[in-house]
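Here is the structure we will look at.
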Amino acid sequence: MPDVLRPSKWLHFNSRLLAAATLAGLLSLSVCAQQAAPPKPVIVQPGAPGQPTRELPSTTRATLPPGSPADVQFMQGMIMHHAQAVEMTALIDSHTENKNLRSLGARISRSQSDEIKFMKRWLTARGQSTEHDMSGMKGHDMPGMDMSKHEMLMPGMLTAKQMEALRNAKGQEFDRLFLRGMIQHHTGALTMVKDLFDTAGAGQDAELFNFTTEVDSGQRAEIRIMQTMLGEKP
Amino acid sequence: MNRVQNIAIRLFITCLVLCAGLVTATLAQTPTPSPSPSVEVKVDAKPADKAAQADPFAPEPAGPLPAGMTGSDTNDPRAKLSPGMFDAGEAAVGLKHVLLLKKPDIFQLGSDDPNDPKVQKMLGQMGAPPEELAKLPKTTQLVIAQLAFANSDMAFQGNHLFQGNFYGLNIFDISNPAKTKLLSTIVCPGGQNDVSVYKNLLFMSVEQANGRVDCGTQGFPPPPPAPKPTGPDEKQPLPPAQKDRFRGVRIFDISDITKPKQVAAVQTCRGSHTHTLVTDPNDKNNVYLYVSGTSFVRQAEELAGCSGEAPDKDPNTALFRIDVIKVPLASPQDAKVVSSPRLFSDQSKLDALTNGGSHGKDGAEKPQATDQCHDITVYSALGLAAGACSGNGILIDIKDPANPKRLDAVNDPNYAYWHSASFSNDGKKVLFTDEWGGGLGARCRANDPNKWGADAIFNLENNKLKFASYYKMPAAQADSENCVAHNGSLLPVPGRDLEVQAWYQGGISVVDFTDAEHPMEIAYFDRGPIFANMLVLGGHWSSYWYNGHIYASEIARGLDVFELTPTKNLTQNEIDAAKLVQVSELNVQNQQKIEWPRKLVVAKAYIDQLERSQGLPADRILALRQAVQGAEAMKLSATEMAKLRNLAPSLETAARAASPADTTRLLALADIFKHPEH
């Protein structure tokens, strides 16, 4: 606190200090002026390149870009998609002793469970159902979509037949099927992200944008690791 | 008292009142006083009960620890801090919290009251149906748009700190760090809005789909729903191109610090997740920006020439490359992309390995090689850059800045996502980070392995990267704290490799990686979770040392300022020596070589280190200290200078038998003794 705010220091003066008091008063004003010199922070909004920057009122508040139904459908579909990855990784412990695969599976399981949680939070916070409604789904030509046996699958999801084959395999055969299956599964997630951003007005929500970008990069990286693992044991 | 006296007193009191008013007004926007810096551990909230399990917001503990892995330390004082937005429990060692400057209102929901119409309006904008909203817990309603207003990365110049925010940018006056002041808030949404600064120019990365050329906040309204595709072969129609959309790097003129003016907006196909300022020692007229895009490739109708096809289908694909922007300093409005180096070009050989899957349709089983960098750190003094590129860490030759070339690439089975990199000052080590989960998830729980979401330290020899060890902030964090390795900078203590690093809600950790095989934490700061019962995005995005203080960008809370305090692992001399390093600008990803003056305090720092490492016996340490004290007391008189000089040869002899770190210290110490500076 500046000295000028401690009146006790100043109020004990006698009548002969009139001049001094006046001076002190003026001084304190000038100190005040310095204190107040940095004005309140300004809020400004630049224009397009070459255009002027304009000042906004201090009461300006943020607004959000519009949400899109495609965002909601994406999240609902991805929950279902991720759930299958978790189901696949749950087979690992009883089906193979491969240490690298066990470690990879544990990480995929953890990541995808955590992401399911995130997607449910995202949907619930926006007052949306966490269940997927297939009727509104677009892109019926997506790879992995297999409608022939009334299976409703998101892109890249393993069919009932593929899941069955995985459950029945053991050891090296399981490893191979798991890695191929998970590569197919992850690749489907990349398709889902691409389709989302190919939809007008979609993906403007910051959290959704970051999440999808992360799913995209994270799964690309994991696909690469799995491809390397497949290559190591032909 | 006579009348004149009365007038004088009145005048004086008026001045006081006036001044008090002004000071109060000033204080209203000045720092929140920091709570006690000492370790302050409160008991955490009780574990979520069964009812909460059904709640999608209830945080979830990690599954069992995978075999052979070690988790995080639950006995650490940081493991059980009490929750709170602005009153969370805190724990610190070796770091003194100086202040927290809260985010300005415009970068927040702007209300603590869920019933405030502002909050309801914001929720409406997010598309929530009112009847569903009514069912949400009130606290939830307050915290759902966090990332749209998240603070991001920082840059520094002179007395100014630039802090990006997904919604724009804040500029602070840090001439007195303990009284850091907000000068200006710039509204310009687009995320992440990572910033760099060079002279009168400021650069900002934009990637998100709502970014507009004119910094508008309205985004792009979705068109009316298109008719559903009728047949299985009918392609989804492309969305309309948005000529006003901006994804790339904005360039501002900051000559008027409170009113930056946009002078250029360089569009790129994938936008700019981050960028790195690159200066060419041989070219003073231009600077370069390496643009790392990690997001979707936009359609050619929106930006000509953009293609997201696989390289075998389109050799001009925007994947598998970075973009290089050249900025002419005399005419920044002419900045443009001058090259798009394919740093990953020979890595798509893995094609053959995965073909022949049961799903024969296009794209179902195409290989996904690394096709992007997340962040690149350049070290122009060495002509090198380290790229953290999704599935790989890569080493790049940047001697020709417009045409970088890959020298080496590594991957790691424990690494999910290569995020960022720092060189040691001598360029012999690289510290990479793995942002497993992208920072949105809780990944430092008791059962999260300490090799996942960690730093990986590599030795760098003959342009080859060789793995040495992992480092992860050791304290277990709550299930409701997003936590993983994130951005940091070197801390310029001579004789040691120290990094001050942000771990989101895991706080700040200072790691010593002088011994690449055995990294060790020497200081930390941490707060409890924002909420105990729900993961709310927050924590430190980045923590950087700048001219004597540590500044940390807190995603949800604001801007933190710290000072180092001495501990057995870091002495006052070492801190004082670090404070000697003063720079006029700091863009952490454009790493500058640190050089220390040959001052006696630097010598004292080395002596402290030699004592700690037992690199010299106690009697010699004492003799060295006495010689330095003598020289200080006599203000480097000729006699004392001669005494110091005479000690140098014995130090050089000792260096021959010392460990690599102590060799460096002994030789540097001998050098100071030979030519000490005032």
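The values are calculated or read from the model by the stated rules, or taken from the named source; none is laboratory data. Quantities reported herein were computed from a predicted structural model and do not represent experimental measurements. Counting neighbours? That spans all protein chains shown, and the Cβs are built from the backbone with ideal geometry, glycine included.
Selection over the stretch B:255-277 of residues that are surrounded by 24 or more Cβ atoms within 10 Å (Cβ to Cβ) and over 30 Å from residue A:194 (Cα atoms) gives a count of 2. Can you confirm whether residue B:77 is modelled with pLDDT of 95 or more, more than 23 Å from the chain's Cα centre (by Cα) and not polar (S, T, N, Q)? Taking the combined requirement at face value, the residue satisfies it. Taking the stretch B:520-532 as the range and being crowded, with 24+ Cβ neighbours inside 10 Å and in a loop (DSSP other than H, G, I, E, B) as the test, the residues that pass are B:528, B:529, B:530. Residues in the stretch B:533-552 that are buried (at least 24 other Cβ atoms within 10 Å of the Cβ), part of a loop (DSSP other than H, G, I, E, B) and modelled with pLDDT of 90 or more: B:538, B:539. The requirement of being among the hydroxyl-bearing types (Ser, Thr, Tyr), modelled with pLDDT of 80 or more, closer than 22 Å to residue B:441 by Cα and assigned by TED's automatic domain parsing to the domain that holds residue B:546 is not satisfied by residue B:72. Restricting A:119, A:80 to residues that are modelled with pLDDT of 90 or more and either more than 24 Å from residue B:166 (Cα to Cα) or at the interface with another protein chain (Cβ under 7 Å from one of its Cβ atoms) (or both) narrows the list to A:80. Residue count for the stretch B:180-207 under the criterion of being closer than 12 Å to residue B:249 by Cα and either in a loop (DSSP other than H, G, I, E, B) or facing another protein chain (nearest Cβ under 8 Å) (or both): the result is 3.
To keep it simple, each residue is scored yes or no on (1) buried (at least 16 other Cβ atoms within 10 Å of the Cβ); (2) touching a residue at least 24 places away in the same chain (Cβ under 8 Å); (3) closer than 19 Å to residue B:597 by Cα.
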| position | (1), (2), (3) |
| --- | --- |
| B:621 | yes, no, no |
| B:628 | yes, yes, yes |
| B:644 | yes, yes, yes |
| B:648 | yes, yes, yes |
| B:654 | yes, yes, no |
| B:657 | no, no, no |
| B:665 | yes, yes, yes |
| B:669 | yes, yes, yes |
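Residues in the stretch B:376-434 that are closer than 16 Å to residue B:452 by Cα and not in a strand (DSSP E or B): B:391, B:411, B:412, B:413, B:414, B:415, B:416, B:417. When B:456, B:475, B:516, B:468 are checked against the criterion of being aliphatic (A, V, I, L, M), over 23 Å from residue B:659 (Cα atoms) and in contact (Cβ under 8 Å) with a residue 12 or more places away in the chain, B:475 stands alone in meeting it. The C-beta contact set for the stretch B:173-188 (first residue assigned by TED's automatic domain parsing to the domain that holds residue B:207, second residue acidic (Asp, Glu), distance under 6 angstrom, 6+ apart or interchain) comprises B:181/B:173; B:183/B:173. Only one of the numbered conditions (1) in the same structural domain as residue B:384 (by TED's automatic domain parsing); (2) out of contact with any helix residue (DSSP H, G or I) (no Cβ under 7 Å at 6 or more places or on another chain); (3) part of a helix (DSSP H, G or I) is not met by residue B:620, and that is (1).
Residue by residue, here is whether (1) under 23 Å from residue B:405 (Cα atoms); (2) at pLDDT below 85; (3) among the β-branched types (Val, Ile, Thr) holds:
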| position | (1), (2), (3) |
| --- | --- |
| B:289 | yes, no, no |
| B:306 | yes, no, no |
| B:318 | yes, yes, no |
| B:322 | yes, no, yes |
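Considering B:556, B:577, B:516, the condition of being under 21 Å from residue B:666 (Cβ atoms), in contact with a strand residue (DSSP E or B) (Cβ under 9 Å, 6 or more places away or on another chain) and surrounded by fewer than 24 Cβ atoms within 10 Å (Cβ to Cβ) is satisfied by B:516 alone. Here the condition is being farther than 30 Å from residue B:149 by Cα, in contact with a Leu (Cβ under 9 Å, 6 or more places away or on another chain), surrounded by fewer than 23 Cβ atoms within 10 Å (Cβ to Cβ) and modelled with pLDDT under 90; of A:152, A:229, A:137, it holds for A:229 alone.
Summed over the stretch B:435-454, residues that are of a type outside the set (Phe, Trp, Tyr) and modelled with pLDDT under 90 total 6.
Looking only at residues of the stretch B:242-269 that are outside any strand (DSSP E or B) and more than 10 Å from chain A (Cβ to nearest Cβ), we find that the one that is farthest from residue B:184 (Cα to Cα) is B:269.
Residue by residue through the stretch B:594-617, note down the ones that are outside any loop (DSSP other than H, G, I, E, B) and in contact with a Leu (Cβ under 6 Å, 6 or more places away or on another chain). Listed by number, the residues that qualify are B:603, B:606, B:607, B:610. Only residues that are at the interface with another protein chain (Cβ under 7 Å from one of its Cβ atoms) and without any contact (Cβ under 8 Å) to a residue 60 or more places away in the chain were counted across the stretch A:201-229, and they come to 11.
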